[in-house]
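Please read the structure below before turning to the comments.
What follows is calculated from the coordinates using simple rules that are stated; it is not laboratory data. Quantities reported herein were computed from a predicted structural model and do not represent experimental measurements. Reconstructed Cβ throughout: ideal geometry from the backbone, glycine too, with neighbour counts over all protein chains shown.
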Number of protein chains: 2
Amino acid sequence: MPKIVILRWGHRPQRDARLTTHVALAARALGASGIVLSDTEDSKIKETIEKITQSWGGEFSFEMGAHWKNVVKKWKANGGIVVHLTAYGENIEASNVLRKIRSSGKDVLIIVGSQKVPKEFYSEQVSDFNVAIGNQPHSECASLAIFLDRYFEGKSLEKNFENAKMKIIPQGRGKRIVESR
Amino acid sequence: MPKIVILRWGHRPQRDARLTTHVALAARALGASGIVLSDTEDSKIKETIEKITQSWGGEFSFEMGAHWKNVVKKWKANGGIVVHLTAYGENIEASNVLRKIRSSGKDVLIIVGSQKVPKEFYSEQVSDFNVAIGNQPHSECASLAIFLDRYFEGKSLEKNFENAKMKIIPQGRGKRIVESR
């Protein structure tokens with residue numbers, strides 16, 4: 001299975017702290033392999049996410065600081081493709097864009113903006129596909145979640161996170177957590 | 001088609017402003033009929049969402065201030081069911097919980113917490129179903145998005161929002177908006 005990594009662009013440490021944390025949580029819970037916070041650093045979020053991975057298992061990388069252009073360049077040099085999530089792009093429901101992405105069989109870097117993104121993101125130099133999770137004003141966190149759910153055909157939600165110290169036993173009522181050391 | 005309304009519980013005006021805005025945006029973009037911000041008020045978010053609905057069309061209600069118990073009571077009195085989204089609940093992928101909810105044919109109130117929620121939310125007095133969008137730590141915005149996408153079987157993403165002043169024409173490159181007055 002190809003791997004998916006998120007490129008979070010435009011993060012503003014104060015203003016976007018919680019949203020970027022949610023983007024990273026969603027990415028991890030839905031089967032992405034990691035996230036890159038480009039062009040800035042935020043050690044607090046990195047720590048939060050790494051603690052969660054330590055407790056709840058699986059592998060999820062968190063990188064930060066690199067310039068987005070270099071991340072994209074390196075990704076492409078390694079044979080991956082780039083998907084830019086934007087409300088202006090091809091509608092994931094109404095077009096065959098997801099099928100094209102999946103059938104490429106290549107690793108996918110998903111660019112998720114926070115503020116208004118540079119025009120270049122829409123160009124062939126950067127994105128192989130511009131994908132809209134519907135063409136309405138949206139939440140990038142919600143859009144990413146749906147992209148991943150559809151890309152992995154729902155299977156991430158049943159995924160076993162290895163080396164987990166904590167595990168939820170799903171049930172209809174109440175809470176049940178199993179801890180192991 | 002039954003209607004879906006979101007009950008956003010535990011909103012803290014300063015801290016949760018952007019996340020709750022994203023929850024509301026996701027709800028609207030994905031076909032919910034409205035949102036209730038319970039037990040508190042936040043006129044700024046209400047205004048933001050109402051402006052978006054005015055420009056981008058469709059109908060989406062925004063209520064605030066009511067006590068969550070009264071919202072739930074009224075919803076049930078009108079024949080609706082209540083779904084509580086929580087990482088502890090029945091896994092939407094691994095169980096038949098979504099099929100049960102859909103086959104009820106009833107309107108659905110979805111409770112989406114922000115902070116740790118009251119224990120009562122898990123009880124039969126409040127929730128008909130406790131549903132987990134995977135059993136990992138998660139973003140409530142992402143979870144809500146996936147629930148709605150699955151509930152409406154993806155169709156919301158193609159939905160026509162009536163009386164829209166602005167409309168995106170989806171395309172592979174660049175941005176295209178059509179405005180009408």
Helix B:17-29 sits at what angle to the longest principal axis of chain B, using alpha carbons and giving 0 to 90 degrees rounded to 10? 80
Using the Cα gyration tensor of segment A:1-83, the equivalent ellipsoid's semi-axes, largest first and to the nearest Å, work out to 20, 17, 10
Summing Lys, Arg as +1 and Asp, Glu as -1, what charge do residues with Cβ under 13 Å from the Cβ of A:Lys106 carry, A:Lys106 excluded? +2
Convex hull of chain B built on C-alpha atoms - directionally averaged projected area, nm²: 11.2
Kirkwood hydrodynamic radius of the protein assembly as shown, from inverse mean 1/r over distinct Cα pairs, in Å: 20.7
Working from Cα positions, state the angle (0 to 90°, nearest 10) between the long axis of helix B:68-77 and the longest principal axis of chain B. 90
Taking the Cβ of A:Gly154 as the centre, find all other residues whose Cβ is under 9 Å away and add up their charges (Lys, Arg: +1; Asp, Glu: -1). -1
Hey, for B:Ser61 with labels 7 Å out along Cα-Cβ, what do the inter-copy distances come to in nm, ordered shortest first? 4.9
If you build the convex hull over the alpha carbons only and average its shadow over all orientations, what do you get for segment A:106-179? Give it in nm² to one decimal. 8.0
Compute the label-point distances linking A:Arg12 to its equivalents in the other copies; points lie 7 Å from Cα along Cα→Cβ; give nm, one decimal, shortest first. 2.1
Defining the label point at 7 Å along Cα→Cβ, can you sort the distances from A:Pro118 to the same site in each other copy, shortest first, in nm? 5.0
Using alpha-carbon coordinates, inclination of helix B:140-151 to the longest axis of chain B, degrees: 80
For the protein assembly as shown, give me the percentage of DSSP beta bridges that are antiparallel, rounded to the nearest 5 percent. 10
Please work out the FRET efficiency for the pair A:Met166 and B:Arg181, using the Cβ-Cβ distance as r and a Förster radius of 41 Å; give the result to the nearest 0.05. 0.15
With the charge dipole of segment A:46-158 built from beta-carbon charges (+1 for Lys and Arg, -1 for Asp and Glu) about the Cα centre, the Cα from A:Ser123, A:Thr48, A:Leu148 projecting farthest to the positive end belongs to A:Ser123
Per-residue Cβ counts within 10 Å, from other chains only, averaged over B:128-135: what number is that? 6
Please list the non-local residues whose amide H lies under 5 Å from the amide H of A:Lys3, H modeled 1.01 Å from N, same-chain partners needing a gap of 5 or more. A:Asp107, A:Val108
Provide the percentage of antiparallel DSSP beta bridges, counting only those with both residues in chain A; round to the nearest 5. 10
When only C-alpha pairs under 8 Å and at least 6 residues apart count, what is the relative contact order of segment B:68-181, in percent? 27
For a paramagnetic label modelled at 7 Å from the Cα of B:Glu153 toward its Cβ, which residues of segment B:97-139 fall within the zone defined by backbone nitrogen distances under 17 Å? B:97-106
